[in-house]
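Asks: Sending over a structure as structure tokens; questions will come in a sec.
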There are 2 protein chains.
Amino acid sequence: MSTKTPNKPCNYENQARLYKALMHPARLAILDVLRYGEHCVCHLEAALGYRQAYISQHLMLLRDAGLIEDRRDGWNNYYRVTKPDVYKVIDAALRLIGDNSDRDSISRFENPLPNCTCPKCNPDTQTNSDPHVCEPPITSPGKPSIV
Amino acid sequence: MSTKTPNKPCNYENQARLYKALMHPARLAILDVLRYGEHCVCHLEAALGYRQAYISQHLMLLRDAGLIEDRRDGWNNYYRVTKPDVYKVIDAALRLIGDNSDRDSISRFENPLPNCTCPKCNPDTQTNSDPHVCEPPITSPGKPSIV
DNA sequence: TGATTATATTCGATTAATCGAATATAATAC
DNA sequence: GTATTATATTCGATTAATCGAATATAATCA
């Protein structure tokens, strides 16, 4: 059956595609980590505790949906959200389901993670020359343990 | 695999459930018809052109998701949206995908539909004599053709 | 060059969603 | 009561999503 109604022929389809991309808990978690800035795959691994390949699969899907882009820097591949307005959808959804946590404060994922190997999380172990220099981490005093 | 991350354990799941309910073009179309008021199943049939059982299946799913409720009145079963904030999610999604149509004006679905048999669409044929005659619709000046 | 590190991709089995067809139910009319 | 109308539900086949395992690639280091 054609899912096109006689009216607004294609916006239902496009909208449904967006929700399909958002429909998975792991992808929502990934977008949560990326909310305040780009991060590499190993950071997502450390932050979320998922397998690397599993994360990569979901990243692929989000990329195909046009929600994220990647940028390679040396060993690491950094992902960032290309359409920040996606968080307007997410926040409206969170309000709808009754989530009242503060989403306007900076994410706990912005701090270095102990299990992450990327230069962003390990600024001191910059070997010889620093080809992939990352700005010093803003070590907030009360860095929360992720696990 | 558990899809729970060590953080926000269940909100990703609940949010994903919401998107799952919104993920289908037919369900988005249904919610579009119900945006400005309750309507019966035959109205949805007439407005969208889908089979009755098909619409009923999607209504069931939306009901299970807690987004709509029904109210029986004689022959007809009227559905309404229980969480109007769902349109905040939908509107944010429409803006994200670049839809600029005016959604604040009253829906074209609020007008009587020629192929709908419900009393709402046939106010004068209230009683016994021919129960399913569709009176000429109140053609509002700029009422767009549905087909 | 080969080894290592970070990440991407493919494959396949399992589970879930879709959707047509047929049937069931519940209210009303006669 | 039976017939009719509006709607709901079940069944089954097809398609799509999920996710672990294995493997591939691409940059870097020695």
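The values are calculated or read from the model by the stated rules, or taken from the named source; none is laboratory data. Since the model is a prediction, treat every value here as computed from it, not as a measurement. In this analysis, Cβ positions are derived from the backbone assuming ideal geometry, glycine residues included, and neighbour counts consider all displayed protein chains. For accessibility, only protein heavy atoms count, side chains too; no ligands or nucleic acids. Shrake-Rupley method; radii C 1.70, N 1.55, O 1.52, S 1.80 Å.
Asks: Can A:R17 be described as in contact with a Phe, Trp or Tyr (Cβ under 7 Å, 6 or more places away or on another chain), under 30 Å from B:R103 (Cβ atoms) and open to solvent by 30 Å² or more (accessible area, probe 1.4 Å)? Steps first, answer last, please.
Replies: Details: in contact with a Phe, Trp or Tyr (Cβ under 7 Å, 6 or more places away or on another chain): no; under 30 Å from B:R103 (Cβ atoms): yes; open to solvent by 30 Å² or more (accessible area, probe 1.4 Å): yes.
Against the criterion (in contact with a Phe, Trp or Tyr (Cβ under 7 Å, 6 or more places away or on another chain), under 30 Å from B:R103 (Cβ atoms) and open to solvent by 30 Å² or more (accessible area, probe 1.4 Å)), A:R17 does not qualify.
Asks: Among the residues of region A:42-75, count how many are within 11 Å of DNA strand D (Cβ to nearest atom), open to solvent by less than 60 Å² (accessible area, probe 1.4 Å) and either of a type in the set (G, A, S) or touching a Pro at 6+ places or on another chain (Cβ under 9 Å) (or both).
Replies: Qualifying residue count, region A:42-75: 5.
Asks: Mind listing just one residue for me: the one in region A:14-27 that is in a helix (DSSP H, G or I), within 7 Å of another protein chain (Cβ to nearest Cβ) and over 17 Å from A:A53 (Cα atoms) and, of those, nearest to DNA strand D (Cβ to nearest atom)?
Replies: A:K20
Asks: Which condition number does B:Y78 fail, the rest of (1) farther than 30 Å from A:P84 by Cβ; (2) in contact with a Ser or Thr (Cβ under 8 Å, 6 or more places away or on another chain); (3) open to solvent by less than 50 Å² (accessible area, probe 1.4 Å) being met?
Replies: It is condition (2) that B:Y78 fails.
Asks: Counting only residues that are in contact (Cβ under 8 Å) with a residue 24 or more places away in the chain and facing chain B (nearest Cβ under 8 Å), which one in region A:48-59 is farthest from DNA strand C (Cβ to nearest atom)? So that I can check it myself, show each step before the final result.
Replies: Quick first cut of region A:48-59, residues in contact (Cβ under 8 Å) with a residue 24 or more places away in the chain only: A:49-50, A:54-55, A:58-59.
From what's left, facing chain B (nearest Cβ under 8 Å): A:49-50, A:54.
Values: A:G49: 14, A:Y50: 12, A:Y54: 8 Å.
Among those that are in contact (Cβ under 8 Å) with a residue 24 or more places away in the chain and facing chain B (nearest Cβ under 8 Å), it is A:G49.
Asks: If you go through region A:21-36 one residue at a time, do you hit one that is within 14 Å of DNA strand C (Cβ to nearest atom), open to solvent by 30 Å² or more (accessible area, probe 1.4 Å) and touching an Asp or Glu at 6+ places or on another chain (Cβ under 7 Å)?
Replies: There is no residue in region A:21-36 that is within 14 Å of DNA strand C (Cβ to nearest atom), open to solvent by 30 Å² or more (accessible area, probe 1.4 Å) and touching an Asp or Glu at 6+ places or on another chain (Cβ under 7 Å).
Asks: How many of the residues making up region A:76-86 are in contact (Cβ under 8 Å) with a residue 40 or more places away in the chain and within 14 Å of DNA strand D (Cβ to nearest atom)?
Replies: Going residue by residue through region A:76-86, those that are in contact (Cβ under 8 Å) with a residue 40 or more places away in the chain are A:76, A:78-81, A:86.
This time we only want the ones that are within 14 Å of DNA strand D (Cβ to nearest atom), so: A:76, A:78.
Residues that pass the stated criteria total 2.
Asks: Residues to consider are A:R80, A:R71; find the one that is farther than 26 Å from B:L18 by Cβ, away from every other protein chain (no Cβ under 11 Å) and either outside any helix (DSSP H, G or I) or among the β-branched types (V, I, T) (or both). Walk me through it before giving the result.
Replies: Numbers: A:R80 fails: farther than 26 Å from B:L18 by Cβ.
Result: A:R71 is the single residue among A:R80, A:R71 that is farther than 26 Å from B:L18 by Cβ, away from every other protein chain (no Cβ under 11 Å) and either outside any helix (DSSP H, G or I) or among the β-branched types (V, I, T) (or both).
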